[in-house]
1. Taking segment 488-506 as the search range and keeping residues that are aliphatic (A, V, I, L, M) and surrounded by fewer than 18 Cβ atoms within 10 Å (Cβ to Cβ), which one is nearest to THR545 (Cα to Cα)?
2. Please verify whether segment 115-132 includes one or more residues that are surrounded by 14 or more Cβ atoms within 10 Å (Cβ to Cβ), within 26 Å of ALA65 (Cα to Cα) and at pLDDT 95 or above.
3. With respect to ALA303, determine if the residue is surrounded by 18 or more Cβ atoms within 10 Å (Cβ to Cβ) and among the aliphatic types (A, V, I, L, M).
4. Given the criteria in contact with a Cys (Cβ under 9 Å, 6 or more places away or on another chain) and not small (Gly, Ala, Ser), does LEU273 qualify?
5. Could you tell me how many of the residues in segment 233-250 are modelled with pLDDT under 95 and hydroxyl-bearing (Ser, Thr, Tyr)?
6. Just to be sure, is VAL475 in contact with a Phe, Trp or Tyr (Cβ under 8 Å, 6 or more places away or on another chain) and either without any contact (Cβ under 8 Å) to a residue 60 or more places away in the chain or crowded, with 21+ Cβ neighbours inside 10 Å (or both)?
7. Give segment 372-396 a look and list any residue that's over 14 Å from SER313 (Cβ atoms) and surrounded by fewer than 15 Cβ atoms within 10 Å (Cβ to Cβ), or say none.
8. Report whether or not VAL209 is under 30 Å from LEU47 (Cα atoms), modelled with pLDDT of 95 or more and either in a loop (DSSP other than H, G, I, E, B) or of a type in the set (A, V, I, L, M) (or both).
Amino acid sequence: MPDPGVLNIVAHEDDDLLFLAPDLADWIAAGLPSRTVFCTAGEYNGLPGVGREQYAANREDGIRAAYAQMAGVADDWRREVLAVGTTPVELDTLTAAPNVQVLFLCLPDGGDNLQLAALPNLWSGAYPTVHTIVPVGSPVTASVTYTKPGLIAMLTALLGRFSPGVIRTQDPLPDVHLHGDHADHVAVANFVRAAVRGWRRPDGHTLLVHHRDYAIMDTTPNLTEAQAEAKLGVFDTYAAHDPLASGTAWYRAMRYRFSPGVSWLGTDADGRLEAFAVLDGDVLDWYEDSPGGAWLGPARMGAGMVAQRVSVSATHDGRLQVFALRVDAHDIITAHQTPPSLAFSGWTSLGNPDGPGAPYTGMPAAARNADGRLEVWCRNSNGGLSTCFQHTLDGPFGGWLDLGGGPYLSDEAPAVVTDAQDRLHVFAMGRDGVVHWYQNAPNGAMVLDAAWSTDPPAATPSAVRLADGRGAVVVRRAVDGALLLAVESAADGSWTSTFTDLDGPGGYGEPALACAADGRLVVVARAPGGSLVTDHQAEVDGPVTGAWTDLGLITPALPALAAGADGRLCLFAIGADGGIVLARQTAADAGAPFGSWESVTA
């Protein structure tokens, strides 16, 4: 069985460089196994004086040169035929870095007039079959015919052969509020999801990561200048072989379609930590056998294909309740622990804010009101924020209410925090800045805060309740990825008018936040290169030390942070092999280092 690594599956030669980078380059630079499957030949209709087969070969040359540059080695490859069942596929291995491989399926490009929109039509059933292109110089010398089940079976077989811990692919449901996407991208993402549904890794778990495509041109840049320039430099190496290539609209950003987020931990009524992750096409639950004890699981929760982010909240009596977005049905679903065993119930649908099947629903966030009733928030199809809540303890959720704030809220889950007055505050990422709502009284209506103002953020905010009960929110600044902290300044819900720069190393994605046992804030974030770093306040209400510590883990997702039964903070992450790993503080103190990583998964 190969070492678990990443399997990237994209439509065209250059989609990986534009939309999966810098994650792609970071992974290769770390020496981790990286294999990329290009589903189409990218041949278009050829170029003036250059036939389809030669143009497809030129694009493959460009990809090989780009991958060699990312690996820092000579552009020298072993090209061979890989037999997948009875179907031949070209497999190329980088000679000086054999952990890097590329595969070419050579299905027709969507713009090829001879088989127009081949992949979307194959997915929809409009075409019963499509026929592959044979690039000049390919070791695969004959065209192959694919049906829809045949292509799903091919992708499933490749999953089985390489047993990846991480699968990266494109966007199955482009956001209508952002730039439209290429139909080939959407089709490939849906073919990958169909393959993942029918496959389970026998020796571990797999994280499915969707990347946004053309839509990133309408989002705030979230890469540092150095990251953006490196990404463009690799793309330029490819583009020297492809006269139609253009990457200037997309090199300053990389965004996930369904970011895993930092809200996937909870502490149940027995005081046991539980971790919930969307792996293997389902929500999985790991839990301590006793507070601070050994880890058990995973229990498969039977949610089906949901977005990669879940939200966890505790009910009035301490039981955990989990919320998720079901992508195919576009609805918010929830499951809760039931006494006495604290096993989870089946899933209940809360619908969505815009009626049955309405697309473009955002991922949910949930929290408990002062009187114990749960409330959930998500982006609606109009781009604003909607909420629904229980009208009685443990009762059903009511209908959805539109809280405004649109039309350009992100579909990532908002951040929620409870202040010293037991009022809820909600922070969502808008196109022009962070949008803030707060309750006018405990258990009261949510009010849109017109006075709140920030620059456009690079990631959705994170929020935490400080030791004195005040709320705090951390936002990533665009371009340099700096982490900025704002703190509630008064009991009336007002906040400091300026942000404190946490002097971090840049990076992307929201950070994980927690207060240590001594009341000081601890921050863990994903830095450039994909590694996790941490810092803490030098004193309560003070700035962080500025001495960010690298925690020695490359992660394809975002971390989660919570206090264990003994008061030490426990940091959870997803490792390069798709498994859950845990690092605990050596003492219940913000300044205590995190110990070595240990595996939670089985």
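1. Applying the filter and picking the extreme gives ALA490.
2. yes
3. Values: surrounded by 18 or more Cβ atoms within 10 Å (Cβ to Cβ): yes; among the aliphatic types (A, V, I, L, M): yes.
So ALA303 fits the description; yes.
4. On the way: in contact with a Cys (Cβ under 9 Å, 6 or more places away or on another chain): yes; not small (Gly, Ala, Ser): yes.
So LEU273 passes the test.
5. Selection size over segment 233-250: 2.
6. Yes.
7. Matches in segment 372-396: HIS391, THR392, GLY395, PRO396.
8. The answer is no for VAL209.
The values are calculated or read from the model by the stated rules, or taken from the named source; none is laboratory data. None of these values were measured; they are calculated from a predicted model. For neighbour counting, all protein chains shown are included, and Cβ atoms are generated from backbone atoms with ideal geometry for every residue, glycine included. Quick note on the areas: whole protein, heavy atoms, side chains included, nothing else; ligands and nucleic acids left out. Shrake-Rupley method; radii C 1.70, N 1.55, O 1.52, S 1.80 Å.
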